[in-house]
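The values are calculated or read from the model by the stated rules, or taken from the named source; none is laboratory data. Not measured: the values here are computed from a predicted model. Cβ atoms come from the backbone with ideal geometry, glycine included; neighbour counts cover every protein chain shown. Protein only, heavy atoms only, side chains kept; ligands, DNA and RNA dropped before computing areas. Shrake-Rupley method; radii C 1.70, N 1.55, O 1.52, S 1.80 Å.
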Amino acid sequence: MIQAKIINRINFPEISLQSTLTEIAQRIIIPDIWKGIHSSVAINGGSLPANEPETKKRKGSDRPLIDTGKLLGSFFHKLSGNNRVIISIKGDRLEIGGYLQNDGIKTKSALKFYRFFGISANAHDRAIAYAKKKIKNLANGKNR
């Protein structure tokens, strides 16, 4: 005969993948995009295209994608259903960003693409390590 003891109070850890994804968006991915833009590094690790001479003259600098700071301030994340977080760009910067990144700009010298939006290999690796640490903490009974 099999005997079983019923335990009424089983404490399962609360797992919120969405909060972890939100933290990854806030702490890793969006800051990585900002860092890439500030250092003129494309999301794939290459360089962002240099500004044309006319653009340098107008802006007073050779910093691609940085003029008013409006693009840098336009990145955001939002919850989308269960266990999903979307990172995007606000307002008119979304259309301009899509044009710069996907369609490119035809200049006198070439068609230039500004690959600034996405997840770099470094941010990907950091996000995975962060998620693994969260899982390990849950396995060890820690909710942090």
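How would you order 93-103, 31-41 from highest to lowest mean count of nearby Cβ atoms within 10 Å?
31-41, 93-103
Give the accessible surface of the stretch 67-111 per residue, rounded to a whole number of Å², with probe radius 1.4 Å and ligands, DNA and RNA excluded.
Heavy-atom SASA per residue in the stretch 67-111 reads 68 Å².
Using only helices, what value at 222 nm comes out for the chain when you add -39,500 (n - 2.57) per DSSP H run of length 4 or more and divide by the total residues, to the nearest 500 deg cm²/dmol?
Counting only the DSSP helices, I get -10500 deg cm²/dmol.
So which lysines pass the test for K134, namely a Cα distance under 25 Å, with those fewer than 8 places away in the same chain ruled out?
K35, K78, K142
How much length would be gained if the chain were fully extended between H124 and S61, taking 0.36 nm per residue of separation minus their Cα-Cα distance, in nm to one decimal?
19.6 nm
Of [x] 14.1; [y] 12.8; [z] 11.7, which is the value of mean projected area of the Cα convex hull in nm² derived from the coordinates here?
[y]
Taking the Cα centre as origin and putting +1 on Lys and Arg beta-carbons and -1 on Asp and Glu beta-carbons, what dipole magnitude results for the chain, to the nearest 20 debye?
Once rounded to the nearest 20, the dipole reads 460 debye.
K57: which lysines have alpha carbons under 22 Å from its alpha carbon, excluding same-chain residues fewer than 8 sequence positions away?
Reachable lysines: K70, K106, K108, K112.
Among G73, Y114, G104, flag the residue with its Cα farthest along the positive direction of the charge dipole of the chain, charges on Cβ as +1 for Lys/Arg and -1 for Asp/Glu.
The residue sitting farthest along the positive end of the dipole is G73.
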